[in-house]
Amino acid sequence: MTPTTRLRILLALSALLALAACGSAPKKPSTTPRPATSPVTANLHAAAANAVLFRALALVGTPYRYGGNTPETGFDCSGLVGYVFRDAAGVSLPRTSADIAEEGRRKLDAGDLRGGDLVLFAFGGRRITHVGIYVGERRFVHAPNSGGTVRLNSLDDAGWRDSFRYGKRVFE
């Protein structure tokens, strides 16, 4: 999705929300505290997460390439994640899975994951060495290894189940 298309979608969503607000009666000020995330922000976050999901799924089958970060050159795991978030939602993430893991976003258990969240893995140690994008139903898109392609796997698959450490939510 191009930046222009993304901007058009966000502008259209904003216009629809503004029109809906114009048709309602004024509300009395509330004495209850407002949630940290407004419905408008939540809708924008959901739209961005969906854009990330669709873009990631469209790249399934792209060849793996160490250091790769475009569909033309292929992807390694963090190159795929960085490309998808930048292209689909305009979000820049650190280049390596270890650096993504160090970002301040809160850690999520597997049961708390939503589509568009990051999933982080460590093989044989505590250091994060792999990252993917959660799509739902315990499945994730990632660029797993040399000679392979971007693909969909399950968190329940043998190697992934034991190496999953936590998730992180980009759109909160």
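The values are calculated or read from the model by the stated rules, or taken from the named source; none is laboratory data. The shown structure was predicted, so the numbers you read here are calculated from the model rather than taken from an experiment. Reconstructed Cβ throughout: ideal geometry from the backbone, glycine too, with neighbour counts over all protein chains shown.
Pairs only if they're at least six apart or on different chains, beta carbon under 7 angstrom, first in the range 45-59 and farther than 10 Å from Gly116 by Cα, second at pLDDT 95 or above and not in a helix (DSSP H, G or I); list them, first residue then second.
Here the result reads Leu57/Val135; Leu57/Val141; Leu59/Pro71; Leu59/Val150, each pair linking the range 45-59 to a residue that is at pLDDT 95 or above and not in a helix (DSSP H, G or I).
If you go through the range 64-88 one residue at a time, how many are among the β-branched types (Val, Ile, Thr) and surrounded by fewer than 19 Cβ atoms within 10 Å (Cβ to Cβ)? Break it down into steps so the answer makes sense when it comes.
First, pick out the residues of the range 64-88 that are among the β-branched types (Val, Ile, Thr): 70, 73, 81, 84.
From what is left, the residues that are surrounded by fewer than 19 Cβ atoms within 10 Å (Cβ to Cβ) are 70, 73.
Number satisfying all stated conditions: 2.
Would you check which residues across the range 54-63 are surrounded by fewer than 19 Cβ atoms within 10 Å (Cβ to Cβ) and part of a helix (DSSP H, G or I) and list them?
Within the range 54-63, the first condition is being surrounded by fewer than 19 Cβ atoms within 10 Å (Cβ to Cβ), and the residues that meet it are 54, 57-58, 60-61, 63.
Of everything in the range 54-63, those that are surrounded by fewer than 19 Cβ atoms within 10 Å (Cβ to Cβ) and part of a helix (DSSP H, G or I) turn out to be Phe54, Leu57, Ala58.
Considering each of Val119, Val91 in turn, give the residue that is under 14 Å from the mean Cα position of the chain (by Cα), modelled with pLDDT of 95 or more and exposed (fewer than 15 other Cβ atoms within 10 Å of the Cβ).
Numbers: Val119 fails: exposed (fewer than 15 other Cβ atoms within 10 Å of the Cβ).
When all the criteria are applied, what remains is Val91.
Looking at Asn145, Asn153, which one is among the polar types (S, T, N, Q) and outside any loop (DSSP other than H, G, I, E, B)?
Details: Asn145 fails: outside any loop (DSSP other than H, G, I, E, B).
Just one listed residue meets the conditions, Asn153.
Take His130 and tell me if it is under 15 Å from Leu80 (Cα atoms) and touching a residue at least 60 places away in the same chain (Cβ under 8 Å).
no
Here's the yes/no breakdown for (1) assigned to a strand (DSSP E or B); (2) among the aromatic types (Phe, Trp, Tyr); (3) farther than 11 Å from Cys77 by Cβ:
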position: Ile100; (1), (2), (3): no, no, no
position: Arg105; (1), (2), (3): no, no, yes
position: Gly115; (1), (2), (3): no, no, yes
position: Leu120; (1), (2), (3): yes, no, no
position: Gly124; (1), (2), (3): no, no, yes
position: Phe171; (1), (2), (3): no, yes, yes
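Quick one: what pairs do we get from the range 137-150, first residue loosely packed, with under 15 Cβ neighbours inside 10 Å and polar (S, T, N, Q), second at pLDDT 95 or above and in a strand (DSSP E or B), C-beta under 9 Å, 6+ apart or different chains?
Asn145/Tyr64; Ser146/Tyr64
Tell me which residues, restricted to the range 117-165, are on the phi > 0 side of the Ramachandran plot and of a type outside the set (D, E, K, R).
Pass one, the range 117-165, residues on the phi > 0 side of the Ramachandran plot: 124, 136-138, 147.
Passing the criteria: Gly124, Gly136, Gly147.
Can you find, within the range 124-136, the residue that is farthest from Glu172 (Cα to Cα) among those that are surrounded by 13 or more Cβ atoms within 10 Å (Cβ to Cβ) and of a type outside the set (Val, Ile, Thr)?
Among those that are surrounded by 13 or more Cβ atoms within 10 Å (Cβ to Cβ) and of a type outside the set (Val, Ile, Thr), it is His130.
Quick one: Tyr166 ticks every box in (1) surrounded by fewer than 17 Cβ atoms within 10 Å (Cβ to Cβ); (2) out of contact with any His (no Cβ under 9 Å at 6 or more places or on another chain); (3) not basic (Lys, Arg) bar one, so which box is it?
Against the list (1) surrounded by fewer than 17 Cβ atoms within 10 Å (Cβ to Cβ); (2) out of contact with any His (no Cβ under 9 Å at 6 or more places or on another chain); (3) not basic (Lys, Arg), Tyr166 comes up short only on (1).
What number of residues within the range 66-94 satisfy the criterion of being over 19 Å from Asp117 (Cα atoms), without any contact (Cβ under 8 Å) to a residue 60 or more places away in the chain, of a type outside the set (Gly, Ala, Ser) and outside any strand (DSSP E or B)?
Summing the residues that are over 19 Å from Asp117 (Cα atoms), without any contact (Cβ under 8 Å) to a residue 60 or more places away in the chain, of a type outside the set (Gly, Ala, Ser) and outside any strand (DSSP E or B) in the range 66-94 gives 3.
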